Amino acid sequence: MTETTVHDTDPCVSLSRQQEILISSPTCTVPIDSLVISESPRLDGENSEHIQALAESAEELPPIWVHEQSKTIIDGVHRLRAAVARGTSEIEVRFFCGSEMDAFLLSLSANIRHGRPLSQRDRIAAAERIIADRPEWSDRMIASLAGISPNRVAPLRHQTANRIQQPARRVGRDGRSRPVDSAQGRQRAAEIITENPSASLRQIARAAGISPATAANVRNQVEQGASPVSNQVSPERERTKVRSPAPTAGGGHAENRSLSELTTMFDRLRRDPSLRFSDAGRSLLRMFDAVHAALDEQEQVLHLVPPHSRAFVAELTRGYAQLLQQFSEELKRIQSTNGQVPNTSAS
């Protein structure tokens, strides 16, 4: 199995850095007729009411962003139209130097941040363009850039499969390249589990070139005596699917707990001196306390999150939940064996 390779940083992080650089970069004044208005992430085009409001405003308009090589406007078409309506022939710009795809992603990110959010149709169209230009990016990465659910990306990718050759490996948001067909990695993980049952999920995942979530699924398959590659799902679906309730020590399934029941359990836990008087223990208790507070006031929190951040908050919540699920499985496994925590720093 080829070792998992590390690529450039998360495009979302790169976009944030590019935006920070643009915001602090010097401006220059250029003739309006030297600029190009190209396709926008907004399929419905410009909003005349917004243009009129900007034109009638007494405030100075912020500089627009322009792709230096093509002179195409990245962000600020409404401001340019308002400047024309004011009778001016020049406008302040900040230039971005990069590829056309980078310029599109920057435009998409800027529009998602604006007060008038992109429609679902706009986001789907943006995802389709990213798939066409970056088929090697994972569904989750494309979804995070377009502001849609990862489950919406897979069908879009399938629709373009006959026109765009799909690579055998995809790059995730963590910068790692993983095979689309993980059968070989799953088989290798099963061998590792058989040879070393006490290996942690991270050790298995690193050695087999798969994700920790896939390693957890393989371990479950092996423990049940099933083939590690039977009924397998794609690595991305492995990370996003909802797991069944975990078996309890008595062989049944853990019931769903209400918030009040979890509060009672937490109250007992935070009275444990071994947790209260250690740095790691206090960090764990603070985490549970923060989650409880958010869930206790979830109605207010749901309305507090701005529209342009909801997709990212949902993705972040889902991601942390999946990592905590893996943590829970490791705790249960250690409890059911000899109680010794494996050394995860081993290769």
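The values are calculated or read from the model by the stated rules, or taken from the named source; none is laboratory data. Note that the structure is predicted; figures quoted are calculated from it, not measured. Reconstructed Cβ throughout: ideal geometry from the backbone, glycine too, with neighbour counts over all protein chains shown. These accessible areas exclude ligands, DNA and RNA; they are computed on the full protein's heavy atoms, side chains included. Shrake-Rupley method; radii C 1.70, N 1.55, O 1.52, S 1.80 Å.
With N the number of residues in the range 113-199, Rg(Cα) / (2.2 N^0.38 Å) evaluates to 1.38. Taking a point 7 Å from the Cα of Cys12 along the Cα-to-Cβ direction, the residues of the range 141-162 with backbone N closer than 20 Å to it are 141-157. Segment Gln69..Asn162, full-extension length gain: 30.2 nm, with 0.36 nm per residue of separation and the alpha-carbon distance subtracted.
Peptide packing for 286-295, 208-217 was compared via the average number of neighbouring C-beta atoms within 10 Å per residue; ordered from the highest value, the list is 208-217, 286-295.
Looking at the range 1-154, the accessible area is 51 square angstrom per residue; that uses a 1.4 Å probe and ignores ligands, DNA and RNA. Scanning residues 5 or more positions from Ile91 or on other chains, those with amide H under 5 Å from its amide H are Val30, Ile32, with H placed 1.01 Å from N in the peptide plane.
Between the amide H of Phe96 and those of Val66, His67, Glu68, distances stay under 5 Å, these residues lying 5 or more places away or on another chain, with hydrogens modeled in the peptide plane.
Its alpha carbons considered, the range 10-109 gives a radius of gyration followed by a Dmax of 13.4, 42 Å. Solvent-accessible area assigned to carbon and sulfur over the range 10-99 amounts to 50 percent, based on a 1.4 Å probe. Across the range 25-174, the volume of the C-alpha convex hull divided among the residues equals 128 Å³ per residue. Per-peptide packing, taken as the mean over residues of other Cβ atoms within 10 Å, places 84-91, 136-143 in the sequence 136-143, 84-91 from highest down. A protection proxy built from the mean count of other Cβ atoms within 10 Å ranks the segments 59-72, 121-134, 150-163, most packed first, as 121-134, 59-72, 150-163. Given labels modelled 7 Å from the Cα in the Cβ direction, how far is it in nm from Gln120 to Thr88? Spacing of the two 7 Å Cα→Cβ label points: 3.9 nm.
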